[in-house]
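A.B. asks: Take a look at the following structure, please.
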Amino acid sequence: MSKFIFKQFLGFILLLALQVFILNKICLWGMITPMVYIVFIFSLPFNTPKWLVVLLGFLCGLSVDIFFGMLGYHALATLVIAFLRAGIIRLIPLRVEREEHLLPIFYDMKFGWYFQYAFCLILIHQFVYYFADALSFHNFGKLMLVVSANTLCSLLCIFLIQILVHRPSKRY
């Protein structure tokens, strides 16, 4: 168990470093910045208690806000997806039987399920983040364009991370 916790902590530190030192410097067409640090929340085991997921979501977002000098936008957005994560897992029909050793990652849950799961959470995260930044629906069309573009870019980057880093869970 301690080996798993260490791997999760190391993964969080690496994702945070990737987000802060590399991906934050990318701004495609003046509006697209991939946000991949949220894959940490996505990849937590199914049986993680909801209070722990919410706490880790808040701490994850707060860590990013501290590095960016933000006012809590990342903390708010990751807190919301951490809270909604369990409900979204229940809403998306499983194609495989969920076993205790499986994780909500690409290799264990297959493409269709993971795509729906990641897309929903990323879309919610991006909407909350950019709405909190704008604090208005004045330019709703532009807001939705930015949310859509960032969702697609983040989804692509998260799929690449899943393919490069994760392997199927070992049975027991």
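Read the figures in this text as sums done on the coordinates, not as results from a lab. Worth saying up front: this structure is predicted, and the values here are computed from it rather than measured. Reconstructed Cβ throughout: ideal geometry from the backbone, glycine too, with neighbour counts over all protein chains shown.
A.B. asks: Taking the Cα atoms only, what angle lies between the long axis of helix 2-17 and the longest principal axis of the chain, rounded to 10 degrees?
C.D. replies: Roughly 20 degrees between the two axes.
A.B. asks: Something else: Once the Cα atoms of helix 106-134 and of the chain are each reduced to a long axis, what angle between those two axes, in degrees from 0 to 90 to the nearest 10, is obtained?
C.D. replies: Tilt of helix 106-134: around 30 degrees.
A.B. asks: Arrange 120, 27 by Cβ neighbour counts within 10 Å, fewest through most, would you?
C.D. replies: Listing 120, 27 from fewest to most nearby Cβ atoms yields 27, 120.
A.B. asks: Scan (i) 15.7, 53; (ii) 19.7, 75; (iii) 18.5, 58 for the value of Rg and Dmax of the Cα atoms in Å calculated from this model and give just the label.
C.D. replies: Computed from these coordinates, Rg and Dmax of the Cα atoms in Å corresponds to label (i).
A.B. asks: Another question, then. For residue 86 and residue 59 in the same chain, what is the full-extension length gain: residue separation times 0.36 nm, less their Cα-Cα distance, in nm?
C.D. replies: 7.9 nm
A.B. asks: While we're on this one: Determine the gain in length on full extension of the stretch residue 67-residue 14; use 0.36 nm per residue of separation and subtract their C-alpha separation, reporting nm with one decimal.
C.D. replies: So the extension gain works out to 17.7 nm.
A.B. asks: Another question about this same structure. What do you get for the angle between helix 50-68 and the principal long axis of the chain? Use alpha-carbon atoms, 0 to 90 degrees, nearest ten.
C.D. replies: 40
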